[in-house]
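Asker: Sharing a structure, written as structure tokens. Questions coming.
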Amino acid sequence: MNVKGMEIKDDNMKNVIKKVLITPKEGWEGYVMRLFEIGSGGYTLRHSHPWPHINYVLKGKGKLHIDGTDYDIEEGSFAYISSNKLHQFINTGEETLELICIVPEEGDTKR
């Protein structure tokens, strides 16, 4: 299935495209699965929120910042980010960093 991506425009993010893959509309009650594509030199917003999320890296390499600590990530890396943890994904490689992000339905905001 070909899913249209939405470039996220924000002064605190760079080179980020979001694709919403599976939602309650497709039958997955309460959860949303998204694909983020972070271009070379790109990064997501450094933020926290009241819901947890699960991430799996499909391609590329980078850093995952969680509450003051940076972790190296690459294809096959995964992470559970607890509620209210400050976090950010940063692409440190030359190719696009692609990752799956699963959140509760309330976590699928415009960002």
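Asker: Being modelled with pLDDT of 95 or more and closer than 20 Å to residue 106 by Cα is the filter here, so list the residues in the range 1-19 that pass it.
Answerer: 17, 18, 19
Asker: Same structure, new question: Just checking: which of the strands (runs of 3 or more DSSP E) contained wholly in the range 45-111 hold 2 or more residues that are more than 14 Å from the chain's Cα centre (by Cα)? Walk me through how you get there before you give the answer.
Answerer: Numbers: elements: 53-59, 61-66, 69-74, 78-81, 87-91, 97-104.
In the range 45-111, the matching strands (runs of 3 or more DSSP E) lie at 69-74.
Asker: Still on this structure, please answer the following. Does the range 51-63 contain any residue that is open to solvent by less than 50 Å² (accessible area, probe 1.4 Å), within 20 Å of residue 10 (Cβ to Cβ), in contact with a Leu (Cβ under 7 Å, 6 or more places away or on another chain) and among the aliphatic types (A, V, I, L, M)?
Answerer: Filtering the range 51-63 down to residues open to solvent by less than 50 Å² (accessible area, probe 1.4 Å) leaves 51-53, 55, 57, 60, 62.
Subset that is within 20 Å of residue 10 (Cβ to Cβ): 51, 53, 55, 62.
Now drop any that are not in contact with a Leu (Cβ under 7 Å, 6 or more places away or on another chain), which leaves 55, 62.
Remaining after also requiring among the aliphatic types (A, V, I, L, M): none.
No: the range 51-63 contains no residue that is open to solvent by less than 50 Å² (accessible area, probe 1.4 Å), within 20 Å of residue 10 (Cβ to Cβ), in contact with a Leu (Cβ under 7 Å, 6 or more places away or on another chain) and among the aliphatic types (A, V, I, L, M).
Asker: Can you report the number of residues in the range 70-88 which are open to solvent by 60 Å² or more (accessible area, probe 1.4 Å) and on the phi < 0 side of the Ramachandran plot?
Answerer: As a first pass, look at the range 70-88 and keep what is open to solvent by 60 Å² or more (accessible area, probe 1.4 Å): 70-72, 74-75, 78, 80, 84-86.
Narrowing the set further to residues that are on the phi < 0 side of the Ramachandran plot leaves 70-72, 74-75, 78, 80, 85-86.
Looking only at that region, the number is 9.
Asker: For the range 1-19, which residues satisfy the criterion of being more than 20 Å from residue 87 (Cα to Cα) and open to solvent by less than 60 Å² (accessible area, probe 1.4 Å)?
Answerer: 3, 5
The values are calculated or read from the model by the stated rules, or taken from the named source; none is laboratory data. What you see is a predicted model; the values in this text were computed from it and never measured. With ideal geometry, Cβ positions are generated from the backbone for all residues, glycine too; neighbour counts draw on all protein chains shown. Only protein heavy atoms, including side chains, enter the accessible area calculation; ligands, DNA and RNA are left aside. Shrake-Rupley method; radii C 1.70, N 1.55, O 1.52, S 1.80 Å.
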